[in-house]
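The values are calculated or read from the model by the stated rules, or taken from the named source; none is laboratory data. Here the structure is a predicted model, which means the values were calculated and not measured. Cβ: placed from backbone, ideal geometry, glycine included. Neighbour counts: every protein chain shown.
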Amino acid sequence: MSSDGSTVIFRRVPARLRRPVVERFARELQSAVAKGHAFDCLITHDAELRQLNRDFRGKDAVTDVLSFPGIGHLGDVAIAIGRARAQARAFGHTLEQEIQILMLHGVLHLMGMDHETDGGRMARAEKRWRASLRLPNGLIERVRS
């Protein structure tokens, strides 16, 4: 974690991805959504997300985003770049926007929300934040439509 707060770590920066845009968005999430609490975001290959999903959740499958609560900071978000790229294509927006959607989703989990058990609380929060941050449809909304 940097002294400035939230950081974004890329295993490899994809071509045509504007890293500063993603980094600025992480700081915006820290300030607005995470109420000033820092988090770290790893953007990595699908195989690493599959390994993390297997190791920490017992699910041997690639997933697009994982969240890990932290000690001394809000926690960590991990995003699978291959999944993000495919989802961006499928939903007709940029890779940067998809990374932002996934990062928002992960941070909401770090804030204690769980769309599988909270009766729609996280879905409503994600929808409000997406509108405020000018993002396209989020993960929960996609599953429901």
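Once segment 73-98 is narrowed to residues that are assigned to a loop (DSSP other than H, G, I, E, B) and under 17 Å from GLN30 (Cα atoms), the residue that is nearest to the chain's Cα centre (by Cα) is LEU74. Quick check, is PRO14 surrounded by 13 or more Cβ atoms within 10 Å (Cβ to Cβ) and within 15 Å of LEU95 (Cβ to Cβ)? Against the criterion (surrounded by 13 or more Cβ atoms within 10 Å (Cβ to Cβ) and within 15 Å of LEU95 (Cβ to Cβ)), PRO14 qualifies.
Between ILE71, ILE99, the distinction of being modelled with pLDDT of 95 or more and within 16 Å of SER6 (Cα to Cα) belongs to ILE99 only. With the structure loaded, tell me whether ALA34 is modelled with pLDDT of 95 or more and either in a loop (DSSP other than H, G, I, E, B) or of a type in the set (S, T, N, Q) (or both) or whether it fails that test. In short, yes.
The set of residues in segment 34-62 that are acidic (Asp, Glu) and either surrounded by 13 or more Cβ atoms within 10 Å (Cβ to Cβ) or closer than 22 Å to VAL13 by Cα (or both) comprises ASP40, ASP46, GLU48. Being of a type in the set (Val, Ile, Thr), under 26 Å from LYS127 (Cβ atoms), touching a residue at least 40 places away in the same chain (Cβ under 8 Å) and in contact with a helix residue (DSSP H, G or I) (Cβ under 7 Å, 6 or more places away or on another chain): is that true of ILE81 here? It is false that ILE81 is of a type in the set (Val, Ile, Thr), under 26 Å from LYS127 (Cβ atoms), touching a residue at least 40 places away in the same chain (Cβ under 8 Å) and in contact with a helix residue (DSSP H, G or I) (Cβ under 7 Å, 6 or more places away or on another chain). Considering the conditions (1) out of contact with any Leu (no Cβ under 9 Å at 6 or more places or on another chain); (2) of a type in the set (Ser, Thr, Tyr); (3) assigned to a loop (DSSP other than H, G, I, E, B), SER132 is excluded by exactly one of them, (3). Counting the residues of segment 1-40 that are within 12 Å of ILE81 (Cα to Cα) and out of contact with any Leu (no Cβ under 7 Å at 6 or more places or on another chain) gives 5. Residues in segment 65-95 that are within 23 Å of ARG128 (Cα to Cα), buried (at least 18 other Cβ atoms within 10 Å of the Cβ) and either out of contact with any Cys (no Cβ under 6 Å at 6 or more places or on another chain) or of a type in the set (Gly, Ala, Ser) (or both): 12 in all.
Report whether or not VAL107 is without any contact (Cβ under 8 Å) to a residue 40 or more places away in the chain, in contact with a Phe, Trp or Tyr (Cβ under 9 Å, 6 or more places away or on another chain) and under 15 Å from GLU126 (Cβ atoms). So VAL107 does not fit the description; no.
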